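Structure first, then comments.
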Amino acid sequence: MHETDSPNRKSRRLALRPLLRCAILTIGLGTTAVVGGVTAVVGAYYYAAPGLPEAETIRDIPLQIPLRVFSRDGRLVSEIGERRRILIDYEDVPEHVLQAFIAAEDRRFFEHPGIDYQGILRSFFRLVKSGGQISGGGSTLTQQLARDYFLNLEQTYVRKLREAFLAWKIEREFDKEQIMALFLNKMFFGQRAYGVAAAARVYFNKPLAQLNVAEAATLAGVLPAPSRYNPVRSPANARMRRGYVLGRMLDLGYIDAETYEQSISWPMESTLHGAAVELNAPYVAEMVRREMLSRYGEAAYTAGYQVVTALDSRLQQGANYALRNGLLEFTRRRGYRGPVARVELDEALPATPLVEWPIEIRELLDAYAPGGLLNAVVVTLNADDSATAILRDGESVTLPWQGLSWANPYVDGVSTGPAPESVADVLQVGDVIRVMPTTSGFWALAQAPEAQAAIVSMDPEDGAITSLAGGFDFATSKFNRVTQAYRQPGSSFKPFIYSAALEQGNTAATVVDDSPVVIRSSELEAVWRPLNYSGRFYGPTRLREALTRSMNLVSVRLLLYETGIRNAVRHIAKFGFGDTALPPNGSLALGGGNATPLDMVQAYATIANGGLAIKPYVIDAIYDAEGRTLYRADPAVACEACVAKTAQAPFFDAAEPMALDEMADIALTYKPDASVDPELFADVRVAERAISAQNAFLIQDMMRDVIRRGTGRRALVLGRRDLSGKTGTSNDRRDAWFGGFNADLASVVWVGHDDERPLGPREEGSRTALPIWIEFARIAFEGVPERQMEMPDGIVTVRIDRNTGCPAGAGQPGATFELFREGHVPECDIVQDLPDLFNDASAEGEDPEAEPETLF
C-alpha cells in the first residue's frame with residue numbers, strides 16, 4: 001500500500017522540476033554526470049528545504065519610522081533610525097528606472113526562473129580560477145531579494161544553496177512584477193535609505209517618477225556596495241558606477257547614443273536630502289539616542305518616537321559658531337602643519353573638467369573635511385601672493401594673502417617658524433588643503449585643530465541644558481567632552497573654595513597672606529610648593545582681590561588654615577560635584593581634582609540662581625508617533641515663589657494625537673503668562689538649598705570683579721554689568737576654562753587636547769577659553785535685558801580700608817565699600833599703615849589678562 005503525498009511533499013516535488021531541468025543544463029556532458037547532478041540537487045534540496053521560510057512572509061515590509069529629536073522651539077535636531085522607506089507599486093516605477101536595475105543587476109530577469117544558469121556558470125569559472133574562494137556575483141534579482149530578507153551575507157556554500165532554493169520558492173509564489181516591486185522596496189541604497197523611492201528622495205530630493213536616466217543609473221549603480229558607491233560618500237565612485245550602468249543600458253538597447261551622452265555628462269549631485277535637519281546639535285542627539293535606547297530598546301529607532309529637548313536653537317547656533325571659530329583661531333596661533341596631501345598636477349589639468357581629473361585627486365577632494373571646512377587643490381600661485389584652488393565641485397576660488405599670512409610653520413606645539421613673506425612660503429601647486437569662507441567675504445587657508453573644546457549652557461532656574469557642543473566635529477570624534485571629559489578645572493574651581501571659606505565665617509574683606517607655602521603631603525606623594533603665575537608673592541591680600549586676580553597662594557592658605565579640607569569638601573559637594581573633583585588634600589584649592597564641563601556649569605548655575613541645587617536635564621518631553629505624551633520632565637526648580645517656568649512650558653495635550661507641524665507651531669508661538677497665579681502650581685518641586693542666598697550673592701559679586709578688572713576683563717567688550725565669571729588654567733596649560741553667568745544663563749567653556757598635551761605658551765583661560773565664551777555670550781545676550789540676583793536680606797554694605805579689610809573711619813582716604821553678611825562685619829580698631837596693593841593690578845607686575853598657573 002503506497003502512501004498518499006502530503007501537500008508539503010507534493011509542493012517539494014513540484015518545486016524540483018525546474019531545478020532538475022537547470023541541473024541537467026548546467027552539469028554538462030554524460031549520462032553519469034547528469035544522474036549525479038540530479039541526485040546532488042535533489043539531496044541538497046531536501047537538506048535545505050526544511051529550514052527555509054515561507055516565501056509569502058516576504059510581503060510583510062514593516063513601515064519603520066525613525067526617532068526624531070527637536071529643540072524646545074520646534075527645530076529638527078536629528079532623525080535617528082536605520083531605515084527610511086517609501087513603499088511603491090510596480091506601476092509606480094518609470095520604465096527607465098526598471099531598465100537601469102535590470103541592466104545593472106540581472107539582464108535576464110524576465111526570462112530565467114529565479115536562478116540563471118548562465119550566471120551560475122560564470123560564478124563557477126570564477127570559483128575555479130580563485131582556487132576555491134567563494135565570491136559574490138551570479139545572483140539574480142530574486143536571489144538578492146531572498147538573501148536580503150532572510151539570509152546573511154556570509155560567503156559559504158550553505159548560504160548560496162539556501163539562497164538559490166529560496167529564490168525558487170519566491171518565483172513560485174509571485175509573478176515577475178511583484179518580485180521586482182519587492183526588490184525595489186527592499187534593497188538598501190546607503191544613507192539609511194531602504195527602497196528606490198526613499199533613495200530618490202535622499203540623493204536627489206525628487207519623487208521616483210521625476211528621476212531622469214542619469215539619476216536612475218546612479219541609484220542602480222549603488223547597490224553592489226552602498227557605503228562605497230553612494231554619491232554623498234564618493235561622487236567619484238558613484239560617477240564610475242553610473243557610467244557602467246549607462247553602458248549596459250546602451251548595450252541592451254534601452255537607451256540610444258544621444259541619451260547615453262547626455263546622461264554620462266549629467267552633473268553628479270552629492271548632497272544628502274531627506275528630513276532637513278534645522279539645528280546642528282549631534283552631541284545632544286547622541287545623548288537622546290542613548291537615553292531612548294535605554295528606555296525603549298531597539299524600538300526607539302523604529303516606533304516613531306518624538307523627543308523635545310531643552311535646547312534653545314539660538315543658543316545652540318551660538319555655541320556651535322563660538323566653539324568652531326575659537327578652535328580655528330587657536331590652531332592658527334600654533335602654526336600651519338602643512339597640506340593634507342600633495343599631488344602632481346599636469347599643466348593642462350586646471351583647464352580640464354574635474355570629472356576628467358585622475359581618480360586619486362578626486363578621491364582626495366571627496367574625502368571628509370571636518371568642522372565644515374572644504375577640501376581644495378592648489379592649481380596656481382599668483383604674482384600678488386594669492387593662490388587659486390579648485391574645490392570638490394569644480395569651483396575655482398582665490399585665497400588672498402590676507403587668508404594665508406597667518407601660516408607660520410608649525411614646529412613642535414611650543415614654537416612656530418618665521419612668519420611667511422610670500423605665498424610660496426606657504427603653498428605649492430598640487431597641495432591638497434583645507435579652506436573656509438570668512439565673514440569678510442574672502443577665502444582663507446584653514447586646518448582642522450588638534451585641540452578640542454566643549455561648551456555648555458544651562459538655565460539656572462531649572463537645570464535645562466539650553467546648548468551643548470561636545471567637540472569640534474562629531475563625525476570625526478563622538479566623544480562628548482561636556483559629559484565625558486574629566487579634566488582639572490584649575491582656577492575656575494576657586495569660587496567654590498571661597499564659598500566654603502565664607503561658610504566658615506570668613507568675609508570678602510578677610511586678609512590672607514600671599515606668601516610661600518611648603519606642604520608635605522602623603523596624598524600628593526611629594527613636597528608641594530604652589531606658585532603664583534608670575535612667580536611673585538604679594539603679601540597680605542583681601543579675599544575679593546585674591547579671587548579677582550586668581551592668586552594661588554591665598555587660595556591654598558585659605559583652604560588649609562582658614563577653612564579646613566574636610567569642611568571644604570563637605571560644602572562643595574552640595575554643588576553637585578563627585579569624589580573625583582574633591583581630592584582631600586591641598587590641591588583642592590587650585591582645582592586639582594577632575595570635573596566635566598557639565599559638572600562646572602551645574603555648580604556655576606547654583607551660584608547664579610541664589611544657591612539652590614538644580615539638576616541638569618536635556619529631555620523636556622517624549623511623544624509617541626501619534627503625538628501622545630509619554631514623558632514630561634519634572635525638574636526641581638530654583639523658584640522661591642514656587643511658580644515654575646516649566647509649568648507653563650509648551651507641552652502638548654496628551655489626550656489628542658497631534659501632527660509634528662502642529663507641535664512645532666505651538667512651541668514656536670509659546671509665550672509664558674506673567675499673570676499665572678502661584679497657587680495654581682503649589683505642587684511644583686522646589687530645589688533644595690545648597691548654600692545660603694547670602695553666600696551665593698557675595699560669591700556672585702566677587703566674581704563680577706573678575707570681569708570688571710581681573711583675569712576676565714576681556715568680557716567687558718560685551719558692555720554688560722550683570723556678568724560674573726572665572727578663568728581657569730590647569731598644570732602646564734593642559735586645560736583652559738572660562739565659566740560665566742547672570743541670573744538667566746550659566747555657561748562654561750573648556751579647551752584642551754584629548755591626550756592632555758599642553759596647549760602651548762600663554763594659552764591660558766583668559767586667552768584661549770574666554771574668547772569662545774565672549775563670542776557665545778554676544779549671541780546669547782543680544783537683545784536680552786540685564787538681570788542679576790537681587791540683594792537678599794541679611795547683607796550690609798560697609799566702608800572698609802583697602803589694605804586691612806577693617807571698617808574705615810569717616811573721611812579716611814583709600815577706603816572702599818564692601819559687602820558683608822549681617823553679624824560678620826570685622827571688629828578692629830587699628831588700621832595698619834600698609835602700601836595700597838589693590839588700586840591697580842598692573843602696578844603690581846601681575847598681568848591682569850594672564851591666568852595664574854596651577855603648579856603642584
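Here are the numbers for the structure shown:
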item	result
Hull volume in cubic angstrom per residue (convex hull over the Cα atoms of the stretch 355-395)	82 Å³
Column: log10 I(q)/I(0), Debye, Cα scatterers of the stretch 521-626, q = 0.22 Å⁻¹	-1.31
Between the stretch 177-221 and the stretch 742-775, the Cα center-to-center distance that results, in Å	47 Å
Cα radius of gyration and Dmax for the stretch 758-830 (Å)	19.7, 51
The stretch 471-593 - Rg (one decimal) and Dmax (whole number), Cα, Å	15.7, 51
Viscosity 1.567 mPa s, temperature 4 °C, Stokes-Einstein D of the stretch 249-360 from Kirkwood C-alpha radius, µm²/s	63 µm²/s
The stretch 362-521: Rg to Rh, with Rh as the Kirkwood radius over Cα pairs	1.17
Diffusion constant of the stretch 366-417 at 37 °C, which comes from Stokes-Einstein with the Kirkwood Cα-pair radius and 0.692 mPa s, µm²/s	256 µm²/s
Förster radius 45 Å - calculated FRET efficiency between residue 258 and residue 402, Cβ distance, rounded to 0.05	0.40
Globularity ratio of the stretch 294-343, using Cα Rg and 2.2 N^0.38 Å	2.02
Cα convex hull volume per residue for the stretch 322-450 (Å³)	107 Å³
Separation of the residue 570 and residue 359 label points, Cα + 7 Å toward Cβ, nm	7.2 nm
Cα-centred dipole magnitude for the stretch 338-494, charges only on beta-carbon of K, R (+1) and D, E (-1), debye, nearest 20	680 debye
Isotropically averaged projected area of the stretch 178-255, using the convex hull of Cα atoms (one quarter of hull area), nm²	5.0 nm²
Equivalent ellipsoid semi-axes, the stretch 445-520, via Cα gyration tensor eigenvalues times 5, rooted, Å	36, 20, 11
Contour minus Cα-Cα distance for residue 272 and residue 161 (0.36 nm per residue)	36.2 nm
Equivalent ellipsoid semi-axes, the stretch 722-762, via Cα gyration tensor eigenvalues times 5, rooted, Å	25, 10, 6
Rounded Å value of the spacing that divides the Cα centres of the stretch 552-588 and the stretch 300-336	33 Å
Per-q log10 I(q)/I(0), the stretch 702-770, q = 0.15, 0.27 Å⁻¹ (Debye; single scatterer per alpha-carbon; no solvent)	-0.46, -1.11
Ratio of Rg to Rh over the stretch 767-807 (Cα coordinates, Kirkwood Rh, two decimals)	1.23
Set 478/726; 494/574; 206/478; 478/615 screened for pairs whose C-alpha atoms are more than 26 Å apart	478/726; 206/478
Dmax and Rg, reported as Rg then Dmax, of the stretch 225-315 (C-alpha, Å)	20.7, 58
Calculated FRET value between residue 240 and residue 421, using beta carbons and R₀ = 45 Å, to 0.05	0.55
Distance in nm between pseudo-label sites at residue 265 and residue 475 (7 Å out along the Cβ direction from Cα)	3.1 nm
Within the stretch 317-397: Cβ-based charge dipole about Cα centre, in debye rounded to nearest 20 (Lys, Arg +1; Asp, Glu -1)	680 debye
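Every number here is computed from the coordinates shown, using simple stated rules; none is lab data. Keep in mind it's a predicted model, so treat the numbers as computed, not measured. Don't worry about glycine lacking a Cβ; one is built from the backbone with ideal geometry, like all the others, and counts go over all protein chains shown.
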